[in-house]
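One structure below.
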Amino acid sequence: MYLLLVVFPLFGSLFAGLLGRYLGYRGAALISTFCVFSSCMLSWVAFYEVGLSGSPCYIKLAPWFHSEMFDASWGFLFDSLTVVMLIVVTSISSLVHLYSISYMGEDPHLPRFMSYLSIFTFFMLVLVTADNFIQMFLGWEGIGLASYLLINFWVTRLQASKAAIKAMLVNKVGDFGLALGIMTIFLTFKTVDYTTVFACASSIYEKKELFSFFSVKIDLLTLISLLLFVGVVGKSSQIGLHTWLPDAMEGPTPVSALIHAATLVTAGVFLMARCSPILEYAPDALIVITVMGACTSFLAATTGILQNDLKRVIAYSTCSQLGYMVFACGISNYSVGIFHLMNHAFFKALLFLSAGSIIHALADEQDMRKMGGCVQLLPYTYGMVLIGSMSLTGFPFLTGFYSKDVILELAYAKYTVSGNFAYWLGSLSVFFTSYYSFRLLYMAFIGPVNGYKSSMKQIHDAGPLLAQPLIPLALGSLFIGFLGKDMMIGSGSHFWGNALFTLPQNSIFIESEYIPQEVKYLPLVLTLLGAIVAYLINISESFILNISYPFIISNFGRLFYSFFNKRWLFDKVYNEFIAKPLMQFGYEVSFKALDKGAIEILGPYGISKMITNSKVSKLQSGFIYHYALIMLIGLTFLIYISSSDTPVCSKTLYVIYLITFLFFNSFLNEE
């Protein structure tokens, strides 16, 4: 059962990709969807057996490759962490497959699209079920490849191709760091197997071993943790390598839902939770992780407030929520980070699929400035977006409330500089999250009609296949947080078992119960304040005329808008100070000076041409007896030199031999 759970999406991908022409339009879609649904059912069975019944499963399938001390095998580990990720990945992927049948119904390449979705799911399952770092890295690279294929699915669109290449290149930076981390793990532990590495982490910490990294002495476990975190920064789009995530919106909407909710971006958070036994013994690395996560949350939340593309706003909310998950792991609360990951998957998939329903209804219009007044025309979609947005903002008693508010309380209860830094930036991010979530609702549904008459004329609500996948996601956005909070993050819960590790001194669940009440109420106050400010700025006519418009037309207002609308100018900085100098170096130095210059002078247009035009080229006479005589003379001379006891092996003798050899050959050729 456990192996079928993993390979079912692979079967679906192969059937849809290789036999799509014979299965037909509907056949390929139905088979791939059925395979993923089967994997989903088995995942829930595995969740019951492993997570609820406390019976982890470990399968050592087959040897992979062996090289002296290095041993990597095909193995699958099913513990509490794995099965939680399994139900998230397969449940969201199943609903996305079902949604895609209708959403991509008019695309002639639907079998290829379904094949890519299934292979994406398969590689994610390989990643989360691996029992060693090499197999995990295979899944890690596989989801990167699948994301490239999916973002670039519409290959004739230039922007889609550019976005896919950007995603691949930026992720390669993080993958390089992860590869170095895995190499350092093998160098330290002489294995890449999870159980052995995690069991030996404490002994390495006690030895206080140092490693010389670029002539700097650094703690070995800290170095490993930071290198692994570089991979997390790339895959989970943390600050610095986050620029690829909004551009990934160029792919079809189901792709955005799958990438942002359950697969690609959650891989980094999963990796940190899996490697918790290593991170716990690297306190300096945890501080870096906390600060980076808090900065990412704030950066993405402030960027989202002035984006006009519907999908891009939701994309920046994903980046912001990933910041919460990362700094939750940075303050040693991996269970809360994974709990928020699970909750986030449901309401983020709901938001993206609902956004797809809006775009589908408005004839592929994504600019929120050209929408409005859709609340009466799209009541079903409006209800779904409202549920997803309120859950995202952490409205009380919805799913997001039970994880995001807990993360902020735990950050405050850490009583460290990094913890307080994360708490205050996270709280400010709550305000901006509430603002752009309600701004989306106001501009798309409640505000005045700004769309074209042609698109509004044919507007229609979601059909059955588009509407049905939204129902379980809406139920998850309402109730999953409440149903899972005591089991997954409740004090004294044994749900996680040995899957997650936290040092006793880093456990702060009890302290978070006794923090001041105003600290607990602050996120709720900021959520309500964000909704009010969004209403005033985007709906209230008197406020717009008296305050908003004068600010917008001022010089500072223009700079303010440009800075946040252009995403803190990260892309401009990268293009001007990194990409452009590298491209210039590649052309001026590498191509013109080296390839077309020095190498050609020393190569075909220089020395070799000179030799070809000289008498040296006549050494090649074409007669075998000439070559045989020269080889005999040369071999005899070399044997004499190597066997002689006298010091005749001088440079002068070699020069004389070479001159004699060339003269003799020239004499033979003239004959």
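The values are calculated or read from the model by the stated rules, or taken from the named source; none is laboratory data. Note that this is a predicted model, so its numbers are computed, not measured. We place every Cβ from the backbone using ideal geometry, glycine too, and count neighbours over all the protein chains shown.
Listing for the model above:
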quantity	calculated
Test result for SER161, among the polar types (S, T, N, Q), more than 30 Å from SER202 (Cβ to Cβ), free of Cβ contacts under 8 Å to residues at least 60 places away in the same chain and part of a helix (DSSP H, G or I)	yes
Search result, residues across region 536-580 that are farther than 26 Å from TRP244 by Cβ, of a type outside the set (A, V, I, L, M) and loosely packed, with under 13 Cβ neighbours inside 10 Å	GLU541, SER542, ASN546, TYR549, PRO550, SER554, ASN555, PHE556, ARG558
Entirely in region 427-488, the helices (runs of 4 or more DSSP H) that have 3 or more residues that are over 24 Å from ARG369 (Cβ atoms)	464-467, 470-488
Residues of region 337-361 that turn out to be surrounded by fewer than 24 Cβ atoms within 10 Å (Cβ to Cβ) and at pLDDT 90 or above, as a count	1
Options SER437, SER427: the member that is closer than 19 Å to LEU322 by Cβ and surrounded by 24 or more Cβ atoms within 10 Å (Cβ to Cβ)	SER437
Single match in VAL269, VAL255 (criterion: buried (at least 24 other Cβ atoms within 10 Å of the Cβ), hydrophobic (A, V, I, L, M, F, W, C), under 11 Å from the mean Cα position of the chain (by Cα) and not in a loop (DSSP other than H, G, I, E, B))	VAL269
All positions within region 512-527 that are within 33 Å of the chain's Cα centre (by Cα) and surrounded by 14 or more Cβ atoms within 10 Å (Cβ to Cβ)	SER512, VAL519, LYS520, LEU522, PRO523, LEU524, LEU526, THR527
Criterion: outside any helix (DSSP H, G or I) and either touching a strand residue (DSSP E or B) at 6+ places or on another chain (Cβ under 7 Å) or of a type outside the set (A, V, I, L, M) (or both) - qualifying residue of GLY373, GLY323, GLY388, GLY337	GLY373
Among residues of region 496-513, those that are touching a residue at least 60 places away in the same chain (Cβ under 8 Å) and in a loop (DSSP other than H, G, I, E, B), counted	10
Among the candidates PHE198, PHE186, PHE176, PHE153, residue that is outside any helix (DSSP H, G or I) and in contact (Cβ under 8 Å) with a residue 40 or more places away in the chain	PHE153
LEU545 being part of a helix (DSSP H, G or I), modelled with pLDDT of 80 or more, on the phi < 0 side of the Ramachandran plot and aliphatic (A, V, I, L, M)	no
Residue among PRO550, PRO523 that alone is in contact with an Asp or Glu (Cβ under 6 Å, 6 or more places away or on another chain), under 30 Å from ALA444 (Cβ atoms) and in a helix (DSSP H, G or I)	PRO523
Residue among SER225, SER237 that is assigned to a helix (DSSP H, G or I) and either surrounded by 19 or more Cβ atoms within 10 Å (Cβ to Cβ) or among the β-branched types (Val, Ile, Thr) (or both)	SER225
When residues of region 203-222 are limited to those that are part of a helix (DSSP H, G or I) and surrounded by fewer than 16 Cβ atoms within 10 Å (Cβ to Cβ), the one modelled with the highest pLDDT	SER203
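Per-residue answers, yes or no, for (1) modelled with pLDDT of 90 or more; (2) among the hydroxyl-bearing types (Ser, Thr, Tyr); (3) crowded, with 16+ Cβ neighbours inside 10 Å:
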site: PHE47; (1), (2), (3): yes, no, yes
site: HIS66; (1), (2), (3): no, no, no
site: LEU81; (1), (2), (3): yes, no, yes
site: LEU95; (1), (2), (3): yes, no, yes
site: TYR99; (1), (2), (3): yes, yes, yes
